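Enquirer: Please find one structure pasted underneath; my questions will follow.
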Amino acid sequence: MEVRKGLLYSKDHEWVQEVSESVVRVGISAYAQDQLGDIVYIELPEIDAEVAKGESFTVVESVKAASDVFSPVSGKIVAVNEKLEDSPELINESPYDEGWIIEVKSDELELSDLMTAEEYARYIEEV
Amino acid sequence: MAAKTPLYEHHVNLGAKMTEYAGFLMPLQYTSIVAEHQIVRSDVGLFDLTHMGEIFVTGTQAEQFLNYVTTNNVAKLTPGAIQYSFLTTETGGVIDDILIYRVPEGFYLVVNAANKEKDYQWLLSHAPEGATVTDLSPLTALLAVQGPNALPVTEKAVEAKFAEIPYYHFVDLPYRGERIRVSRTGYTGEDGFEIYMPLHIAPLLWEQLLAVGKPYGIQPIGLGARDTLRLEMRMPLYGNELTENDTPLHAGLGRFVDFDKGDFIGREALIEQKSAGVDRKLVGFVLKEKGIPRHGYNIIREGEIIGRVTSGTMSPITQKGIGLGYVDSVHAKIGSIIEIEIRRQMMPAEIIKGRFVTNK
């Protein structure tokens, strides 16, 4: 499973990409989408909603089950990938690009506890 | 430690994601549940179902005994035919839903993987003198070939003709020096066969089916798609739609209960339930908006909980949320609008009649 270099990762298998100093893009890792299987539905959150680090901000549903997606950062949602509404399978097909889920803005982004790609690659080998 | 079927290495080499089910390591999916589901509907799929249980009942009292512990009428079973039936408790609760084959030497019962030990003990404890019960599960492998192309693929692999075998009938025949049992049954709603054989034959037949099936589009199919395939066809799953708290009448399966055959375990309770009417019924429903019902979700009407979802998924064929669930009988009318509580949201759904997809 690809672990995209240059991204940061949470223990809950979300990735974080720094878009600017105060905005990050968030999605789920290739490993996570593979574990879930075919994603057939996502309950997209609303723009302007507050998200809290470690708390669920959306639910992705595979054929088998519904799974929470936990926010790797705290802040306010400033963008939502509307394409997922009709094509949730983009999360399977392109987890790091077309399948991104939200963008979060915060003046005090806390990223220091997230893993680097190398650390995350080791982490998923152990689980 | 989970058991492995004789095909474990084959599954791993095919890239299957394995899962533990009923004490066995079984393939959950090889590629994707949705893709595998569609292959079975459009072409043909191959399943390893060796985790299922097979129990042999023989002896002079075998027929009377089985008629006493099951709900359907075993006496009506002609040689070569198969019957769907239930083992029930004194209160009419379903211990298991099973298939009964009338074989030359007696009866061959096919039972659910998760229930085989329970069923075997139940049968042993009720068997009279003159009826012998043997668990053949540890010696038996089961493969299923399911889909519109199942007939030519099975015929070519086994080198025999099966077109004349009606649905719910079987034949025994030699294959590679052993006897195998080929049965026109399945759990997908498609045409197809289930093939029982000694364990060591399974890898040979598996490889043969995949080889001759290639031009017919055959793919191996995991348990994930097995579940969505059966649900689309509204077939009950033990543990979801059927438990010891549910009777065949609750589940709308009263046609497999023969009250006229004489006494059987659960008869009195079921007669009483039939005359009083069931308090809840199994219904099938389709969500009217995007969303997926799941096992355990509440079913609501006018703010009141009227039942619970027993199985749900997104139909890979219709792309709609579909499900089965028990609701209070007064709310079970076809065409009624109910609500499914999905993460505190009320999603409207319509109770429908019959299967969720129609096959050709």
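Enquirer: How big is D for chain B, in µm² s⁻¹ as a whole number, if Stokes-Einstein is applied with the Kirkwood radius of its Cα pairs at 4 °C and 1.567 mPa s?
Expert: D = 61 µm²/s.
Enquirer: What is the spin-label model distance, in nm, from A:ALA79 to B:SER275 if the labels are put 7 Å beyond Cα along the C-beta direction?
Expert: 7.2
Enquirer: Using just the Cα positions, wrap the range B:4-121 in a convex hull and report its mean projected area in square nanometres, one decimal place.
Expert: Result: 9.4 nm².
Enquirer: Would you calculate the separation in nanometres between label points at A:GLU108 and B:ASP263, each defined as 7 Å from the Cα along the Cα-to-beta-carbon direction?
Expert: Simple spin-label model gives 7.8 nm for this pair.
Enquirer: Same structure, new question: Step through the residues of the range B:154-165 one at a time and calculate ³J(HN,Hα) from phi using the Karplus curve (6.51 cos²θ - 1.76 cosθ + 1.60, θ = phi - 60°), rounding each to whole Hz and writing x for Gly and Pro.
Expert: Computed from phi, the couplings for the range B:154-165 are 5, 4, 5, 5, 8, 6, 8, 9, 10, 4, 7, 7 Hz.
Enquirer: Under 8 Å for C-alpha pairs, at least 6 residues apart: give me the relative contact order for chain A, rounded to a whole percent.
Expert: RCO, chain A: 31 percent.
Enquirer: Under 13 Å between alpha carbons, and skipping anything fewer than 8 positions from B:LYS274 in its own chain: which aspartates and glutamates qualify?
Expert: The qualifying aspartates and glutamates are B:ASP258.
Enquirer: Let me ask something else about it. Give the shape of the range A:65-127 as rounded, prolate or oblate, defined through the alpha-carbon gyration tensor: a ≥ b ≥ c are the square roots of its eigenvalues, a/c under 1.5 means rounded, and otherwise the shape is prolate if a/b is larger than b/c and oblate if not.
Expert: oblate
Enquirer: What does the charge add up to near B:PRO27, with Lys and Arg as +1, Asp and Glu as -1, over the other residues with Cβ less than 13 Å from its Cβ? Walk me through the intermediate numbers first.
Expert: Numbers: positive: B:LYS4, B:LYS17, B:ARG226; negative: B:GLU9, B:GLU20, B:GLU36, B:ASP48, B:ASP227.
Every neighbour counted, the sum reads -2.
Enquirer: At a Förster radius of 41 Å, what calculated FRET efficiency corresponds to the Cβ-Cβ distance of B:GLU178 and B:THR318, to the nearest 0.05?
Expert: 0.45
Enquirer: If you add up the charges near B:PRO348, with Lys and Arg at +1 and Asp and Glu at -1, over every other residue whose beta carbon is less than 9 angstrom from its beta carbon, what do you get?
Expert: Summing Lys/Arg as +1 and Asp/Glu as -1 gives -2.
Enquirer: Would you tally the net charge around B:GLY93, using a Cβ to Cβ cut-off of less than 10 Å, leaving B:GLY93 out, and scoring K and R as +1, D and E as -1?
Expert: For residues surrounding B:GLY93, the net value is -3.
Enquirer: Let me ask something else about it. Using alpha-carbon pairs under 8 Å, 6+ residues apart, how would you state the relative contact order of the range B:252-360 in percent? Let's see the in-between values first.
Expert: Numbers: 203 pairs, mean separation 30.1, N = 109.
Answer for the range B:252-360 is 28 percent.
Enquirer: If you don't mind, there's one more thing I want to ask. Provide the per-residue ³J(HN,Hα) series for the range B:261-266, in order, calculated from phi with Karplus coefficients 6.51, -1.76, 1.60 and θ = phi - 60°, each as a whole number of Hz, with x at glycine and proline positions.
Expert: Rounded to whole hertz, the list is 7, x, 6, 8, 5, x.
Enquirer: Go through B:LYS333/B:LYS353; A:LYS11/A:LYS53; B:LYS281/B:LYS333; B:LYS261/B:LYS281; B:LYS17/B:LYS156; A:LYS83/B:LYS17 and tell me which ones have a Cα-Cα distance over 19 Å in this structure.
Expert: Working: B:LYS333/B:LYS353 9 Å; A:LYS11/A:LYS53 12 Å; B:LYS281/B:LYS333 10 Å; B:LYS261/B:LYS281 25 Å; B:LYS17/B:LYS156 29 Å; A:LYS83/B:LYS17 29 Å.
Where the Cα-Cα span goes over 19 Å, the pairs concerned are B:LYS261/B:LYS281; B:LYS17/B:LYS156; A:LYS83/B:LYS17.
Enquirer: Sticking with this structure for a sec: Using modelled backbone amide H atoms (1.01 Å from N, in-plane), which distant-in-sequence or interchain residues come within less than 5 Å of B:HIS295's amide H?
Expert: Result for B:HIS295 returns B:GLY312.
Enquirer: On to the next question. Beyond 28 Å, what share of the Cα-Cα pairs of the protein assembly as shown is found? Please give it as a whole percent.
Expert: More than 28 Å apart: 59 percent of the Cα pairs in the protein assembly as shown.
Enquirer: Enter the per residue convex hull volume of the range B:172-261, computed from alpha-carbon coordinates, in Å³ rounded to the nearest integer.
Expert: Hull volume normalised by residue count: 160 Å³.
Enquirer: Moving on to the next point. Just check the range B:217-360 against the gyration tensor rule for me: Cα atoms, a ≥ b ≥ c as the square roots of the eigenvalues, rounded for a/c under 1.5, and otherwise prolate or oblate depending on whether a/b exceeds b/c.
Expert: Judged from the Cα gyration tensor, the range B:217-360 comes out oblate (a/c at least 1.5, b/c at or above a/b).
Enquirer: So what's the range B:107-200 giving for Rg/Rh, alpha carbon basis, Kirkwood Rh from the mean inverse pair distance?
Expert: That ratio equals 1.02.
Enquirer: Now a separate question. Tell me which residues come under 5 Å, amide H to amide H, from B:GLY252 once H is placed; ignore anything under 5 positions away on its chain.
Expert: Amide H to amide H, under 5 Å and 5 or more residues apart or across chains, B:GLY252 pairs with B:LEU282.
Enquirer: Oh, and also: Considering only protein heavy atoms and a probe of 1.4 Å, how much of the accessible area of the protein assembly as shown is carbon and sulfur, as a whole percent? Please report the intermediate quantities before stating the final value.
Expert: Values: 10550 of 21200 Å².
Result for the protein assembly as shown: 50 percent of the exposed heavy-atom area is carbon or sulfur.
Enquirer: Give the relative contact order (percent, whole number) for chain B; include only Cα pairs under 8 Å separated by 6+ residues.
Expert: Here the relative contact order equals 18 percent.
Enquirer: With 10 Å bins from zero, work out the P(r) of the range B:279-352 over every alpha carbon pair and list the percent per bin.
Expert: Binned Cα distances yield the sequence 23, 62, 14, 0.
Enquirer: Let me ask you something else. Show me, for the range A:105-121, the HN-Hα J-couplings you get by feeding each phi into the Karplus relation (A = 6.51, B = -1.76, C = 1.60, θ = phi - 60°), rounded to Hz, glycine and proline as x.
Expert: Once rounded to whole Hz, the list reads 10, 7, 6, 10, 5, 9, 10, 5, 8, 7, 8, 6, 4, 5, 5, 5, 4.
Enquirer: Now for a separate question. Measuring with a 1.4 Å probe in the full set of protein chains, what accessible area per residue, in whole Å², belongs to the protein assembly as shown?
Expert: 44
Enquirer: Give me the distance between the Cα centres of the range B:97-122 and the range B:291-360, rounded to whole Å.
Expert: One Cα centre to the other: 32 Å.
Enquirer: For an R0 of 35 angstrom, estimate the FRET efficiency from the Cβ-Cβ distance between B:ALA160 and B:ARG255 and round to the nearest 0.05. Provide the component values of the computation, followed by the final result.
Expert: Numbers: r = 32 Å, r/R0 = 0.92.
It comes out at approximately 0.65.
Enquirer: Please list the non-local residues whose amide H lies under 5 Å from the amide H of B:GLY222, H modeled 1.01 Å from N, same-chain partners needing a gap of 5 or more.
Expert: Under 5 Å from the amide H of B:GLY222 lie the amide H atoms of B:TYR30, each far enough along the sequence or on another chain.
Enquirer: Under the classification rounded if a/c is under 1.5, otherwise prolate if a/b is larger than b/c and oblate if not, where does chain A fall, given a ≥ b ≥ c as square roots of the Cα gyration tensor eigenvalues?
Expert: oblate
The values are calculated or read from the model by the stated rules, or taken from the named source; none is laboratory data. All figures in this text were calculated on a predicted structure; none of them were measured in a lab. Using ideal geometry, Cβ is built from the backbone for each residue, glycine included, and neighbour counts are taken over all protein chains shown. The protein model used for the area step is the full one, side chains on, heavy atoms only, and it has no ligands, DNA or RNA in it. Shrake-Rupley method; radii C 1.70, N 1.55, O 1.52, S 1.80 Å.
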